[in-house]
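Colleague: There's a structure below that I have some questions on.
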Amino acid sequence: MNDSITNHDLPLGVEVRHLAALEAIARTHSFSQAAVLLGYAQSAVSQQIATLERAVGHKLVERPGGPRPVSLTSAGEVLLRHAIHITARLGAAKADLDALTAGEAGVLRVGTFQSASARLLPSTLMLFRDHWPRVTVELRNERPGAVLDELVRAGRLDLAFSDTPVHATPLASRELIHDPYVVMLPPGHPLGDLDELDLSELDGARFIAAATEDTCDARVFEALERSGAHPHMVFRSDDNLTTQRLVASGLGVAVVPLLAVELFVPDAAVTVLPLAAHHQLTRRIAIVWHEDRDRSRAAEAFIETAVAAAERIGLPTVPVVTSRQRATLVV
């Protein structure tokens, strides 16, 4: 059984250099020229072919002697077809491994949250894909807050968009945008004629809030508390567009980051007001990574791409309301 496997089923002892020598002889029809092509001594090429012939149990090369060119036997031609595929696949594997080491291929795990996914992520991915087409970006969506930071800290994400105000060691970050909070009002709301809104005006108002686990919810209610306003909460939603549609339907008002507002949804037209200067509230969105772990070139490029994409968004520091009469949202 052992002899059968060795001699007939598996060409044990075959190495890539043996197949490369066979390819070189097929190309040059000469042991001496094959040696030049491979950078070996001619005796080394002869030895590699002899070893290959013993391993596969067939004569592979016709050696006519003298100045006449050498050629492959029928068995040599058969093995050559396989050798070409094998060496090509190994070459491709090496290129993939080199690219992985260089950060030009592989997987990049990126965490994100709803409004970043809607406004920052598409343009970032579009720009990134142009220069890093072999990198697969795996996205994980979570609510804004500490969850994404913890996933980066635990090594389960390479990068994450984050709106956490402070990123403790071992996290490092690059700031992307300042995202001001605004008030969304239904069409025709009495407060819609104001140029800006004092949060105290929302005392007793029907209020639509974010989910309790959302960092936006904590920020907004802390600001309302400082202003002395105690709105009547009627709904909570963890979906930005649902919140906007509830406001558009006249079911309440909401205070949300500007990045969470959808500008061109016909059935979600609302009036948006900036907060009064003494009540202005802003979140800072950054991209974070673990500073003690090696970052690939692709990760570095993704960070720079996110910064460039954020610069193109062009969110105003203070929203301006126009087209109030048509109850449309314009910034």
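Colleague: State whether one or more residues within the stretch 150-160 are within 25 Å of residue 220 (Cβ to Cβ), at pLDDT 90 or above, outside the structural domain of residue 54 (by TED's automatic domain parsing) and out of contact with any strand residue (DSSP E or B) (no Cβ under 6 Å at 6 or more places or on another chain).
Modeller: Within the stretch 150-160, not a single residue is within 25 Å of residue 220 (Cβ to Cβ), at pLDDT 90 or above, outside the structural domain of residue 54 (by TED's automatic domain parsing) and out of contact with any strand residue (DSSP E or B) (no Cβ under 6 Å at 6 or more places or on another chain).
Colleague: Filter the stretch 163-192 down to residues that are surrounded by fewer than 19 Cβ atoms within 10 Å (Cβ to Cβ) and modelled with pLDDT of 90 or more and give me whichever is nearest to residue 214 (Cα to Cα).
Modeller: Filtering the stretch 163-192 for residues that are surrounded by fewer than 19 Cβ atoms within 10 Å (Cβ to Cβ) and modelled with pLDDT of 90 or more, the one nearest to residue 214 (Cα to Cα) comes out as 178.
Table: residues versus (1) of a type in the set (D, E, K, R); (2) farther than 22 Å from residue 186 by Cα; (3) touching a Pro at 6+ places or on another chain (Cβ under 7 Å).
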position: 225; (1), (2), (3): yes, yes, no
position: 229; (1), (2), (3): no, no, no
position: 233; (1), (2), (3): no, no, no
position: 238; (1), (2), (3): yes, no, no
position: 242; (1), (2), (3): no, no, no
position: 266; (1), (2), (3): no, no, no
position: 270; (1), (2), (3): no, no, yes
position: 297; (1), (2), (3): yes, yes, no
position: 311; (1), (2), (3): yes, yes, no
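Colleague: List every residue pair whose Cβ atoms sit under 7 Å apart, with the two residues 6 or more apart in sequence or on different chains, where the first one lies in the stretch 259-286 and is under 23 Å from residue 248 (Cβ atoms) and the second, anywhere, is part of a loop (DSSP other than H, G, I, E, B) and polar (S, T, N, Q).
Modeller: That search, which allows pairs on different chains as well, returns 269/328.
Colleague: Condition check: in a helix (DSSP H, G or I), surrounded by fewer than 22 Cβ atoms within 10 Å (Cβ to Cβ) and not hydroxyl-bearing (Ser, Thr, Tyr). Does residue 226 satisfy that?
Modeller: Yes, satisfied.
Colleague: I need the full set of residues from the stretch 127-149 which are over 29 Å from residue 211 (Cβ atoms) and either free of Cβ contacts under 8 Å to residues at least 12 places away in the same chain or assigned to a strand (DSSP E or B) (or both), in order please.
Modeller: Answer for the stretch 127-149, where residues must be over 29 Å from residue 211 (Cβ atoms) and either free of Cβ contacts under 8 Å to residues at least 12 places away in the same chain or assigned to a strand (DSSP E or B) (or both): 129, 130, 133, 135, 136.
Colleague: Any idea which of (1) at pLDDT 90 or above; (2) of a type in the set (Gly, Ala, Ser); (3) surrounded by 15 or more Cβ atoms within 10 Å (Cβ to Cβ) is the one residue 249 doesn't satisfy?
Modeller: Going through (1) at pLDDT 90 or above; (2) of a type in the set (Gly, Ala, Ser); (3) surrounded by 15 or more Cβ atoms within 10 Å (Cβ to Cβ) one by one, residue 249 breaks only (3).
Colleague: Continuing with this model, one more query. In the stretch 4-13, is there at least one residue being among the aliphatic types (A, V, I, L, M), over 16 Å from residue 73 (Cβ atoms), in a helix (DSSP H, G or I) and at pLDDT 90 or above?
Modeller: No, the stretch 4-13 contains no residue that is among the aliphatic types (A, V, I, L, M), over 16 Å from residue 73 (Cβ atoms), in a helix (DSSP H, G or I) and at pLDDT 90 or above.
Colleague: Does any residue of the stretch 176-196 turn out to be aliphatic (A, V, I, L, M) and under 20 Å from residue 160 (Cα atoms)?
Modeller: Yes, there is a match, as at least one residue in the stretch 176-196 is aliphatic (A, V, I, L, M) and under 20 Å from residue 160 (Cα atoms).
Colleague: Please verify whether residue 117 is touching a Leu at 6+ places or on another chain (Cβ under 9 Å), under 27 Å from residue 239 (Cβ atoms), not hydrophobic (A, V, I, L, M, F, W, C) and not in a loop (DSSP other than H, G, I, E, B), treating the condition exactly as stated.
Modeller: yes
Colleague: Looking only at the stretch 192-202, decide whether some residue is in a strand (DSSP E or B) and in contact (Cβ under 8 Å) with a residue 12 or more places away in the chain.
Modeller: yes
Colleague: Here's something else I'd like to know. Quick check on residue 156: is it within 19 Å of the chain's Cα centre (by Cα) and in a loop (DSSP other than H, G, I, E, B)?
Modeller: yes
Colleague: Quick one: how many residues across the stretch 67-114 are modelled with pLDDT of 90 or more, small (Gly, Ala, Ser) and either at positive phi or not assigned by TED's automatic domain parsing to the domain that holds residue 57 (or both)?
Modeller: Residues meeting the conditions: 1.
Colleague: A further question follows. Which residue pairs have Cβ atoms under 7 Å apart, sit 6 or more places apart or on different chains, and have a first residue in the stretch 239-258 that is touching a residue at least 12 places away in the same chain (Cβ under 8 Å) and in the same structural domain as residue 210 (by TED's automatic domain parsing) and a second that is in a helix (DSSP H, G or I) and small (Gly, Ala, Ser)?
Modeller: Once the first residue is touching a residue at least 12 places away in the same chain (Cβ under 8 Å) and in the same structural domain as residue 210 (by TED's automatic domain parsing) and sits in the stretch 239-258, its partners that are in a helix (DSSP H, G or I) and small (Gly, Ala, Ser) give 240/115; 240/260; 241/268; 244/268; 245/268; 248/268; 257/115.
Colleague: Next question, about the same structure. Scan the stretch 212-228 for residues that are within 27 Å of the chain's Cα centre (by Cα) and farther than 12 Å from residue 256 by Cα and jot them down.
Modeller: Passing the criteria: only 213.
Colleague: Here is a check on your reading of the model: is residue 217 out of contact with any strand residue (DSSP E or B) (no Cβ under 8 Å at 6 or more places or on another chain), surrounded by fewer than 20 Cβ atoms within 10 Å (Cβ to Cβ) and not assigned by TED's automatic domain parsing to the domain that holds residue 137?
Modeller: No: the conditions fail for residue 217.
The values are calculated or read from the model by the stated rules, or taken from the named source; none is laboratory data. Bear in mind that the values here come from a model prediction, so they are computed numbers and not experimental data. Backbone-built Cβ (ideal geometry, glycine too); neighbour counts: all protein chains shown.
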